[in-house]
1. Looking only at segment 45-84, count every residue that is under 16 Å from residue 16 (Cβ atoms) and part of a strand (DSSP E or B) and tell me the total.
2. Suppose the filter is at pLDDT below 95, farther than 17 Å from residue 4 by Cα and out of contact with any helix residue (DSSP H, G or I) (no Cβ under 9 Å at 6 or more places or on another chain); does residue 72 pass it?
3. Name every residue in segment 1-16 that is surrounded by 11 or more Cβ atoms within 10 Å (Cβ to Cβ) and either within 12 Å of residue 51 (Cβ to Cβ) or in contact (Cβ under 8 Å) with a residue 24 or more places away in the chain (or both), in order of residue number.
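The values are calculated or read from the model by the stated rules, or taken from the named source; none is laboratory data. Note that the structure is a prediction, hence the values are computed from the model and not measured. So basically every Cβ, Gly included, is an ideal-geometry build from the backbone, and we count neighbours across all protein chains shown.
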């Protein structure tokens, strides 16, 4: 997903691509390397950020019953995060 979206951003919106790369180098990698955030949570947030750059919409959490809730990280492990 990430590579495909980044390729699309690079071709369609160079400024958004630059922002995605900056987020990766300035936020994602240093935060995970320093142990400041769980790696899975950090990568999920990066995916959400890329989704936000590539298409309009909003991010929600879906609980096990299928109900959507406003996205409020950190997300519980039993919830799915979607950008719709």
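1. 1
2. Considered against the rule, which asks whether it is at pLDDT below 95, farther than 17 Å from residue 4 by Cα and out of contact with any helix residue (DSSP H, G or I) (no Cβ under 9 Å at 6 or more places or on another chain), residue 72 comes out as yes.
3. 2, 5, 6, 8, 9, 13, 16
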